[in-house]
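Structure first, commentary second.
The values are calculated or read from the model by the stated rules, or taken from the named source; none is laboratory data. Fair warning: this is a prediction, and the values are worked out from it, not measured in the lab. With ideal geometry, Cβ positions are generated from the backbone for all residues, glycine too; neighbour counts draw on all protein chains shown. Ligands, DNA and RNA are stripped out before the accessible areas are found, and what is left, the full protein with its side chains, is counted by its heavy atoms. Shrake-Rupley method; radii C 1.70, N 1.55, O 1.52, S 1.80 Å.
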Amino acid sequence: MGADKVTVAMTGGATGIGAAIRQQLLAAGHRVIVVDIRDADVVADLSTAAGRQQAIAGIQALAPEGLDGFVPCAGLGPHVQPHSLVTRVNYFGALATIEGLRGLLAKRKGTVVLVSSNSASMPGLDKRYLELLKAGDETAACAHIDTLDGHNAYAGSKYALTCWMRRNSAAWAAQGIRMNAVAPGITKTPLTDTATQSADFGEAMKAFAASVPVGRVGQPEDIANAVCFLLSPQAAFICGSVLFVDGGHDAMLRPDAF
Ligand SMILES: NC(=O)c1ccc[n+]([C@@H]2O[C@H](COP(=O)([O-])OP(=O)(O)OC[C@H]3O[C@@H](n4cnc5c(N)ncnc54)[C@H](O)[C@@H]3O)[C@@H](O)[C@H]2O)c1
């Protein structure tokens with residue numbers, strides 16, 4: 001971030017990548033307002049409409065002067081059941097908070113950095129699920145995803161959220177709000193620790209971790225570095241972009257697509 005002290009709100013700051021983002025912002029002297037289901041300035045459950053409203057109202061109460069940044073980082077992994085809980089938090093929770101904070105972000109020409117995933121661009125995602133997410137039909141999307149698998153729930157939610165950001169980045173930029181996304185690869189956090197122990201995803205996670213081109217999995221600080229850069233004035237001309245922070249996995253898997 002730049003030298004000026006700013007106010008950044010974020011979700012999912014209690015553990016993992018979010019905790020590293022919070023720590024870096026605080027270390028740079030910025031003010032951080034954390035929303036999480038626990039250990040937060042605003043305790044709220046982003047899987048519910050009431051919790052999302054509580055999150056928005058809580059941030060509004062703490063920063064009525066407006067926001068310089070917002071990082072919707074809260075998320076659940078592909079191993080979480082029911083799959084619709086992943087959809088509710090990762091897509092509808094993130095989207096509701098971004099949209100709900102638009103006024104506060106406009107007041108200070110703030111910046112949004114979404115936390116996507118490099119799994120979002122993997123091929124073969126269920127088209128009907130993506131259509132229902134795009135249409136904003138939470139009830140139907142949740143009913144549909146509960147008939148599918150965890151990979152679709154997770155990667156589809158990240159793909160749809162990232163597409164939403166790209167579709168809306170020009171209109172929001174006209175209001176002075178820059179939006180971008182980071183797409184982390186496999187990163188050591190409580191989420192991946194649990195997924196690596198799960199029956200459904202354990203083996204795939206281990207194989208994925210062993211195949212990262214730079215020879216290691218990410219650390220939360222690797223992702224926080226990129227988020228803090230995109231929040232900063234140094235990134236002032238970056239808008240609507242997706243920055244892969246994945247040790248080279250996306251380039252390895254999709255060399256001709258970018
Ligand atoms: N770790 C990875 O390999 C990886 C890779 C790509 C993307 N991501 C994304 O990074 C973000 C952070 O994940 P992480 O790996 O640090 O996991 P994590 O489990 O350590 O952190 C997730 C955070 O979200 C919060 N949260 C979960 N459900 C919530 C709810 N209903 N309401 C409010 N808060 C809730 C948790 O309490 C926690 O603080 C997620 O969006 C995840 O999808 C992670």
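Observations on the structure shown:
Quick grid of which residues meet (1) within 30 Å of residue 216 (Cα to Cα); (2) part of a helix (DSSP H, G or I); (3) at pLDDT below 95; (4) more than 10 Å from the ligand (Cβ to nearest atom):
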residue: 125; (1), (2), (3), (4): yes, no, no, yes
residue: 148; (1), (2), (3), (4): no, no, no, yes
residue: 154; (1), (2), (3), (4): yes, yes, no, no
residue: 160; (1), (2), (3), (4): yes, yes, no, yes
residue: 170; (1), (2), (3), (4): no, yes, no, yes
residue: 176; (1), (2), (3), (4): no, no, no, yes
residue: 180; (1), (2), (3), (4): yes, no, no, yes
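- All of 236, 226 fail the test of being of a type in the set (Gly, Ala, Ser) and open to solvent by less than 30 Å² (accessible area, probe 1.4 Å), apart from 226.
- Count of residues meeting criterion [of a type in the set (Lys, Arg) and without any contact (Cβ under 8 Å) to a residue 40 or more places away in the chain] in the range 172-190: 1
- Check on residue 158, touching a strand residue (DSSP E or B) at 6+ places or on another chain (Cβ under 9 Å) and open to solvent by less than 40 Å² (accessible area, probe 1.4 Å): yes
- Some residue of the range 100-116 being modelled with pLDDT of 95 or more, surrounded by fewer than 24 Cβ atoms within 10 Å (Cβ to Cβ) and within 23 Å of residue 253 (Cα to Cα): no
Residues are listed down the side, and each one gets a yes or a no for (1) more than 24 Å from residue 232 (Cβ to Cβ); (2) surrounded by fewer than 24 Cβ atoms within 10 Å (Cβ to Cβ); (3) more than 11 Å from the ligand (Cβ to nearest atom):
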| residue | (1), (2), (3) |
| --- | --- |
| 9 | no, no, yes |
| 24 | no, yes, yes |
| 44 | yes, no, no |
| 73 | no, no, no |
| 80 | yes, yes, no |
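- Failed condition for residue 71, given (1) hydrophobic (A, V, I, L, M, F, W, C); (2) assigned to a helix (DSSP H, G or I); (3) closer than 16 Å to residue 112 by Cα: (2)
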